[in-house]
2 protein chains.
Amino acid sequence: MQSIVIIGAVALGPKAACRFKRLEPKSKVTMIDQSDLISYGGCGIPYFVSGDVSDPDQLQSTSFHMIRDRKFFMEAKDIEVLTDTRALSIDRKEKKVLVQHLPDGKEDTLSYDRLVLATGSRPKRLPVPGAMLEGVYTVSNLNEAVAIKKAVAGGTVERAVVIGAGAIGLEMAEALSDLWGIETSVVEVADQILPGIIGFNMARMGQHHLKEKGVSLFLREKVLGLKGERHVEKVVTDKRVLDADLVIMAVGVEPNSDLAGDAGLELTPEGAIVVNERMETSDPAIYAGGDCVALTDLITGKPAYFPSGSMANRQGRVIGTNLAGGDARFEGAVGTFVMKLFDISLASAGMSLKRAQQNGFNALSVFVVQFDRAHFYPDKDLVYLELVVEKGTGRVLGVQGLGSMEMGMFARVSAVAAILKDRPTTSDISNLELPYAPPFSSAMDVLNALGNTAENTLQGKNRVIDADRFVDWWLERDSGDTLFLDCRGWGNAQYFVEKYPEHWKSIPQDELRARMEEVPKDKRTVLICNTGVRSYEAQITLDQMGIRDTYNLQGGVAALKKWGLDL
Amino acid sequence: MQSIVIIGAVALGPKAACRFKRLEPKSKVTMIDQSDLISYGGCGIPYFVSGDVSDPDQLQSTSFHMIRDRKFFMEAKDIEVLTDTRALSIDRKEKKVLVQHLPDGKEDTLSYDRLVLATGSRPKRLPVPGAMLEGVYTVSNLNEAVAIKKAVAGGTVERAVVIGAGAIGLEMAEALSDLWGIETSVVEVADQILPGIIGFNMARMGQHHLKEKGVSLFLREKVLGLKGERHVEKVVTDKRVLDADLVIMAVGVEPNSDLAGDAGLELTPEGAIVVNERMETSDPAIYAGGDCVALTDLITGKPAYFPSGSMANRQGRVIGTNLAGGDARFEGAVGTFVMKLFDISLASAGMSLKRAQQNGFNALSVFVVQFDRAHFYPDKDLVYLELVVEKGTGRVLGVQGLGSMEMGMFARVSAVAAILKDRPTTSDISNLELPYAPPFSSAMDVLNALGNTAENTLQGKNRVIDADRFVDWWLERDSGDTLFLDCRGWGNAQYFVEKYPEHWKSIPQDELRARMEEVPKDKRTVLICNTGVRSYEAQITLDQMGIRDTYNLQGGVAALKKWGLDL
């Protein structure tokens, strides 16, 4: 018989509580939360705002449509929940938590044998004038989501500005513009969407899609302030002033660790609670998990911060097991990500090229475009994958993908995510064994092709450029430095050759051996096909003839199209 | 400068040839094949027969619509192909292959520095009378596929019988019945479809779907012979006679290793060519790969036979690299599988329960049903997953899945496939890190739930039965031995309680604590909910009260429905 107190009842708290109660049904669990809405799927908030999820109750319900409220936890789980109750302080010596019932201000003390901190994260707010005006929302909790939806459903919001192009910002931008038809702008201080998560090349494709969907995106812009009387009216950046009836401030989250810090528990310099693999804090009677803790980054081995509802749930189970005398472990995370962005999906596991380089890896990335299913199968989607690898060792540091809203891309990124902590090399990706049948995958699957391409590139057999370099050279084409050699059939090349006779030349790859003398030997040559496969073959043929100043455009015309380049 | 001869030009041969030529462009490659149709996607044959793929050329084309024929290999790849040419024998001492040009019978000798055997597999033919009648097809090559399609498109086929309910048999059954409306029967000697690949429980669900789609399935029936004048008219089994205008004999394949065996290369007792991780045969100048070789089963460590176009492609690359002086490895396979069966998909990685037990593992399996995406997200599909684990160690031996034709299930099986060779345990599945967002996955993903359930079951915390045991007990219900206790809300239970007042009782899980005295203490009790989650909770609550003769129906009513049980 133990007495367990859990602070926080959204994701990790309820999971730890329920797991523990299944293992030790006779012990007592008290869970407290400062809100009245508990145990909800916070990641579903953008879908509630968009209307895909019609009612906040749905986010708070089980899969069998029971609302996870106080009564549910009491009757179905034998767990007591104190809502509208805030934990004020922890007395670790006496093993007591001082709590306050918010509606009446009454204080009380809860004794514990073991305590669980599930205090989560809080959205950052930019320290700029006007940040607290009416109509400025962070996306912190379900109550706020209800307020946002009420505002947009009221019909008074014509223009919205989202500050921050991370996942939550972009999901909210989609929610506002897609269903509600609100003129939406996104302002981001970095030079790409999803900075720190996906690479520049892939981000550029997402940005083009945002544009296609009518969302205005302002990159490399800093918000200086928000203006309005009581209610926000304008967002002022260092480059422009945007009208706004509603502002979403989605500039990241930080761990809610004040209570832990005040109690003297060890925190990282960034303020996340330090835990071991058993999810114990520096006080073995206190566990913590979810968005308030630091985890081991399984790529670098260093502490890192991975806020995610999925992590929280899995850690909750580990804590529940350990509270009941078990020895479950949560070794850390490689960092995974997926999002819907209108009609496309973006995902990642591990590190982007930039993050790998920031972490001291001598890394490069390769990019492959291929159908998710057999190319002869009628239903199929192009999958765009980028693999980040360490030079020398060939170690795989991360993968990113872009695809349709079908799960073909998600499946490939998931398969890499599953092995990433075991330090795979490119040959593990080349040989990764996926189930194969034409309606699901290719005999040489896009994922295997990605590993092959990485190996070839690391070995210097495939000299590539990305679309960004292509654009640079294309814009300078009048200098005459670069020849653009189309390796596809004439039918594909004709339009470009006729439009740019000075710069664009057609030699189909299968004719290259016979027409070798047409290739200038003294000029930088960009080799182009639909996806980068035939241009790679052409490069090898040209190498053989001693023509080596050639660059294979990774992803080919498919990549240029996704970039939105209209040549 | 080497001279390479490759025997077989369908999957592995062309891959090895092209990879080698990219690495050693100046060396000479000669590829021979006894057919005139080469380098095609054999796995696409059922989709060509069904009409999803309209033309055989499509199976033989690159993704950029060039037909991979002799001319293509010569011009685009600088590889010589001798079609309609059969290899008669190998002189290993002189490093020569004796070949015959089939149209004119002329023989010739090809010298090699290194030889590659890509001779593939051949379909088995049952040794029964009538097996060679007209209208009896195996699905061995593209020419035969063209003949089958011609027959069905001619409109003279009203009834077809497929012998063998493996993947190819079922794919052909779908092709014949779905598009062509042919009355199709499948005869299988085993007691389930896909024997050796998926477990009984999952197979039963596939069988129900076949029935829904109008395919007649005769299990545990042995074909004794085929009857007809010149053309097949009837299939005679040990239980019935089936009319048939067309018969597909899909009773498995065997390695085409006669040439290798005659040359004295080492074969397994089953007749597959023995190769090492470099894909070298017992003669280091001869490589072999694809459907003619044995591979290491990475679960058991023993040699096994995994014919698959995907394996062949990846092995072809390994051979190409090694021919050029590299040191690439193919360490083996865990065995993966996926198929479309009308509106559903079935997949597996590693071993089914039965195969694990046949291989001496003390194994059990657990079964979980859950949505692939967040349960509050509007678009979602139920995913049915089975995990095969070793008792004691908790080692994961295999996974199987059933889902819709979206890729949610495929993604989960792929993620497990990726780690299976590294001997994961249930806790690796519990903690497997998939990218999470509501439109793609759940905070506690179905895969993580599968790991959790396996752990609980191994620890005796979740005592389960499958639908087959449920059926047994249900059919014996009048004995009064078993109570069927519905743990769902009254709305779900009402129909059953009113129909079976003697046997079916409703106590919603959240009311169980308060209504404990209504549960008989002296009776075997089956606990039922929609998917097995609430009934597991109920079991724990009853355990606590000392009522332990209870069994949680794995997969709940969702599993019963997929079985086609109409209670």
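The residue pairs whose first member lies in segment B:304-328 and is within 14 Å of residue B:120 (Cβ to Cβ), whose second member is polar (S, T, N, Q) and not in a loop (DSSP other than H, G, I, E, B), and whose beta carbons are closer than 7 Å, counting only pairs six or more residues apart or on different chains, are B:307/B:121.
For segment A:15-28, the tally of residues that are within 21 Å of residue A:109 (Cα to Cα) and within 12 Å of chain B (Cβ to nearest Cβ) stands at 1. On inspection, residue A:342 qualifies as out of contact with any Cys (no Cβ under 6 Å at 6 or more places or on another chain), within 14 Å of chain B (Cβ to nearest Cβ), closer than 22 Å to residue A:42 by Cβ and not acidic (Asp, Glu).
Within the set B:329, B:278, B:317, B:355, the sole residue that is over 23 Å from residue B:15 (Cβ atoms) and among the basic types (Lys, Arg) turns out to be B:355.
Scan segment B:469-496 for residues that are assigned to a helix (DSSP H, G or I), under 23 Å from residue B:366 (Cα atoms) and within 11 Å of chain A (Cβ to nearest Cβ) and the total you get is 0. Number of residues in segment A:199-252 that are among the β-branched types (Val, Ile, Thr), within 15 Å of residue A:131 (Cα to Cα) and touching a Ser or Thr at 6+ places or on another chain (Cβ under 7 Å): the value is 1. Being part of a loop (DSSP other than H, G, I, E, B), modelled with pLDDT of 95 or more and either more than 7 Å from chain A (Cβ to nearest Cβ) or surrounded by fewer than 24 Cβ atoms within 10 Å (Cβ to Cβ) (or both) holds for only one residue in B:432, B:450, and it is B:432. Scanning segment A:52-81 for residues that are within 9 Å of another protein chain (Cβ to nearest Cβ), of a type in the set (Val, Ile, Thr) and buried (at least 20 other Cβ atoms within 10 Å of the Cβ) yields a total of 1. With respect to the conditions (1) more than 25 Å from residue A:337 (Cα to Cα); (2) in contact (Cβ under 8 Å) with a residue 12 or more places away in the chain, residue A:154 lacks only one, and its number is (2).
Residue A:360 falls short of the stated requirement of being more than 12 Å from every other protein chain (Cβ to nearest Cβ) and either aromatic (Phe, Trp, Tyr) or more than 22 Å from the chain's Cα centre (by Cα) (or both).
Does segment B:94-105 contain at least one residue that is within 28 Å of residue B:139 (Cα to Cα) and in contact with a helix residue (DSSP H, G or I) (Cβ under 7 Å, 6 or more places away or on another chain)? No, segment B:94-105 contains no residue that is within 28 Å of residue B:139 (Cα to Cα) and in contact with a helix residue (DSSP H, G or I) (Cβ under 7 Å, 6 or more places away or on another chain). In summary, strands (runs of 3 or more DSSP E) completely within segment A:104-164 and bearing 3 or more residues that are within 23 Å of residue A:313 (Cα to Cα) occur at A:114-117, A:121-123.
Here the condition is being assigned by TED's automatic domain parsing to the domain that holds residue A:287 and more than 17 Å from residue A:140 (Cβ to Cβ); of A:33, A:55, A:84, it holds for A:55 alone. Going through segment B:62-85 one residue at a time, which ones are within 31 Å of the chain's Cα centre (by Cα) and either part of a strand (DSSP E or B) or at pLDDT 95 or above (or both)? Of everything in segment B:62-85, just one residue is within 31 Å of the chain's Cα centre (by Cα) and either part of a strand (DSSP E or B) or at pLDDT 95 or above (or both), namely B:67. Does residue B:251 satisfy being within 17 Å of residue B:46 (Cα to Cα) and either in a strand (DSSP E or B) or of a type in the set (Gly, Ala, Ser) (or both)? It is false that residue B:251 is within 17 Å of residue B:46 (Cα to Cα) and either in a strand (DSSP E or B) or of a type in the set (Gly, Ala, Ser) (or both).
Here is the figure for segment B:254-265: residues that are assigned to a loop (DSSP other than H, G, I, E, B), within 24 Å of the chain's Cα centre (by Cα) and surrounded by fewer than 24 Cβ atoms within 10 Å (Cβ to Cβ) total 1.
Every residue, every condition in (1) within 13 Å of chain A (Cβ to nearest Cβ); (2) free of Cβ contacts under 8 Å to residues at least 24 places away in the same chain; (3) touching a Pro at 6+ places or on another chain (Cβ under 9 Å); (4) acidic (Asp, Glu), yes or no:
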site	(1), (2), (3), (4)
B:338	yes, no, yes, no
B:346	yes, no, no, no
B:356	no, no, no, no
B:365	no, no, no, no
B:387	no, no, no, no
B:393	no, no, no, no
B:397	no, no, no, no
B:403	yes, no, no, no
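Of the listed requirements (1) of a type in the set (Asp, Glu); (2) modelled with pLDDT under 95; (3) part of a loop (DSSP other than H, G, I, E, B), residue B:94 misses just one: (2). In segment A:407-420, the residues that are facing chain B (nearest Cβ under 7 Å) reach residues that are assigned to a helix (DSSP H, G or I) and of a type in the set (Lys, Arg) with C-beta atoms within less than 9 angstrom, at least six apart or across chains, in these pairs: A:411/B:412; A:414/B:412. Does any residue of segment B:456-466 turn out to be within 14 Å of chain A (Cβ to nearest Cβ) and acidic (Asp, Glu)? So far as segment B:456-466 goes, no, none of its residues is within 14 Å of chain A (Cβ to nearest Cβ) and acidic (Asp, Glu). The criterion of at least 3 residues that are crowded, with 24+ Cβ neighbours inside 10 Å and touching a Lys or Arg at 6+ places or on another chain (Cβ under 8 Å) is met by the following strands (runs of 3 or more DSSP E) wholly inside segment B:329-429: B:382-390, B:396-403.
At the interface with chain A (Cβ under 9 Å from one of its Cβ atoms) and either in a strand (DSSP E or B) or surrounded by 24 or more Cβ atoms within 10 Å (Cβ to Cβ) (or both): is that true of residue B:46 in this structure? Spelling it out, residue B:46 is indeed at the interface with chain A (Cβ under 9 Å from one of its Cβ atoms) and either in a strand (DSSP E or B) or surrounded by 24 or more Cβ atoms within 10 Å (Cβ to Cβ) (or both).
Scanning segment B:296-328 for residues that are assigned to a strand (DSSP E or B) and buried (at least 23 other Cβ atoms within 10 Å of the Cβ) yields a count of 0. When B:34, B:100 are screened for being over 22 Å from residue A:444 (Cβ atoms) and part of a loop (DSSP other than H, G, I, E, B), only B:34 passes. Per the conditions (1) more than 9 Å from every other protein chain (Cβ to nearest Cβ); (2) touching a helix residue (DSSP H, G or I) at 6+ places or on another chain (Cβ under 6 Å), the sole criterion not satisfied by residue B:555 is (2). Residue count for segment B:266-293 satisfying the condition of being more than 21 Å from residue B:92 (Cα to Cα) and outside any helix (DSSP H, G or I): 3.
Within segment B:3-15, residues that are assigned by TED's automatic domain parsing to the domain that holds residue B:98 and closer than 15 Å to residue B:62 by Cβ have Cβ atoms under 9 Å from residues that are in a helix (DSSP H, G or I) and basic (Lys, Arg) in these pairs: B:14/B:77; B:15/B:314; B:15/B:317, counting only partners at least 6 apart in sequence or on another chain.
The values are calculated or read from the model by the stated rules, or taken from the named source; none is laboratory data. All figures in this text were calculated on a predicted structure; none of them were measured in a lab. Glycine also receives a Cβ, built like all others from the backbone with ideal geometry; neighbour counts cover every protein chain displayed.
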